[in-house]
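Beneath this line is the structure, given in structure tokens, with notes to follow.
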Amino acid sequence: MTSSASYYNYTWQRTLYGTTWSPWELLGTKALNDMGIGIPVPMVSTMDWQTFNFIPGAQHVCLPSNQTNIPAGLTYVSTTAPTNINVLGGRGNTTALILMVTQFTTASTAKSYFIVVSGTSPARTFTIYENFTSASTIPIANGGTGSSSPFGTTAGTFAQGNDSRLNTINGKSGGTVKGDYIVLDNTYGHSTQLMTYNPGSAGTHFGGMLMKRPNSQGYILSQYSSSDYEVSSVTIGIDGPSGNVSWVFNRNGQAVGNWQPPSDQRIKDNIKRIADPLTAMRSISGCEWDRLDNGLHGYGFIAQEVEVLFPQAVTVAGDIKLSDGSVIEEAKTVDTFGLSAALHHEAILALMDTVEDLTAQISQLKSEIQALKS
């Protein structure tokens, strides 16, 4: 025995084999050693997962190549690297909880599993739970990325917080942006907003765009009809320090607001007055009609009559589909406002000349009649 203080208060034992005594050892050491605890763990030469005796507290080392009936879900990167099997607990020979680390000599490729063994041989069942570490590549099915380098530009990869793609929607094929509005602002001192409204929260407005400056804004707003809930009008407007103006385009083709197209002499060439306006007036009919495409009632000129004398007042508006499904190709439109103003003004001037001439003739006749009477 020894007198060293480090050996006090322990129970020791030794075994007599024939006439030979074994060395003194701490009580229970041999039992622990028999389970692989406290000594280098010997390599298990064969392990059949269906029949192996998993004793609680024992630990074993076995090569994957020496294992049979391996439970589904266990992955060995190499069959020649040792696997450490620790039996954490169990009950009788029907259940066992195992912590297994594969290829534990190479940390970067090691895998760790909790294994629940249920039932008796040869019909044991195994429930596998993989444990992930900082060296693991976590599969997508387990909430990971499936890649040791998860960031990238392809499917199944993630964009980092500083990825330039997060600053643009360029290249996207389509989709829906959630929210009521988008603000485009690049610190130029102005912004553009695209908006959609919750029905009823803004009257009958349901969508539009604002172009904002520090003290003014331009806007385009759409309204719906409260009777059929379809688009009823589009409003274009300007709000500014000098006042607010707006133009409303209704779906019946009528527009509310004043239009003042540029008419400065300095931007015009080949200025000439309408020739023979009274004859031209008689060649153009003032008409009313019902449209064959939208059923609206209208007033104005017929394009084909106008283009005989004023071809430049007629342009092609494009194809128009009628209500019966037929299509009028290259339908024509007339600059009614400009032509009416010029033609009617010149016609009135011609009539004024005629009236003045007739007035002069009447005055002359009155003078002659008065002379005859006297």
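A short reminder: the numbers here are calculations on the coordinates, not readings from a lab. Please read all numbers here as calculations on a predicted model, not as lab measurements. Positions of Cβ are backbone-derived with ideal geometry, glycine not excepted, and every protein chain shown enters the neighbour counts.
A few points about this structure:
- Full-stretch length increase - SER45, ALA360 - with 0.36 nm per residue and alpha-carbon distance subtracted: 99.7 nm
- More than 19 Å apart - percent of Cα-Cα pairs taken over segment 272-373: 59
- Residues whose amide H comes within less than 5 Å of that of ILE302, counting only those at least five positions distant or on another chain, are SER285 (H built at 1.01 Å from N in the peptide plane).
- Tilt relative to the chain, helix 336-373 - C-alpha long axis, 0 to 90 degrees, to 10: 10
- Computed FRET value (nearest 0.05) for ASP228 with ASP180, which takes r as the C-beta separation and R₀ as 25 Å: 0.55
- Only Cα pairs under 8 Å and 6+ residues apart enter the sum, and on that basis the relative contact order of the chain stands at 5 percent.
- For the chain, radius of gyration divided by Kirkwood radius, i.e. Rg to Rh on alpha-carbons: 1.47
- Across segment 43-131, the mean sequence separation of Cα contacts (distance under 8 Å, 6 or more residues apart), normalised by length, yields a relative contact order of 24 percent.
- In this label model, ALA141 and SER78 are separated by 2.6 nm, measuring between points 7 Å along each Cα→Cβ vector.
- Exposure proxy for ILE238, ILE85, ILE267: other Cβ atoms within 10 Å of each Cβ, ordered fewest to most, give ILE267, ILE238, ILE85.
- ³J(HN,Hα), Karplus 6.51/-1.76/1.60, whole Hz, each residue of segment 324-331, x for Gly, Pro: 8, x, 6, 10, 8, 7, 6, 4
- Calculated FRET efficiency for the pair SER118/ASN69, C-beta based, R₀ 22 Å, to 0.05: 0.90
- Cα-only Debye scattering, segment 206-301: base-10 log of I(q)/I(0) at q = 0.13, 0.23, 0.24 Å⁻¹: -0.80, -1.18, -1.22
- Around the amide H of ASP48, modelled in the peptide plane, lie the amide H atoms of THR68, all under 5 Å away and 5 or more residues distant in sequence or on another chain.
- Adding -39500 (n - 2.57) for every DSSP H run of four residues or longer, then dividing by how many residues the chain holds, sets the calculated 222 nm ellipticity at -5000 deg cm²/dmol.
- If the chain linking ASP353 and THR157 were pulled fully straight, counting 0.36 nm for each residue of separation and taking away their Cα-Cα distance, it would gain 62.1 nm.
- Using 0.36 nm per residue and subtracting the Cα-Cα separation, the extra length available between TRP12 and SER283 on full extension is 84.3 nm.
- In plain terms, the C-alpha convex hull of segment 43-131 casts an average shadow of 5.0 nm² when viewed from every direction.
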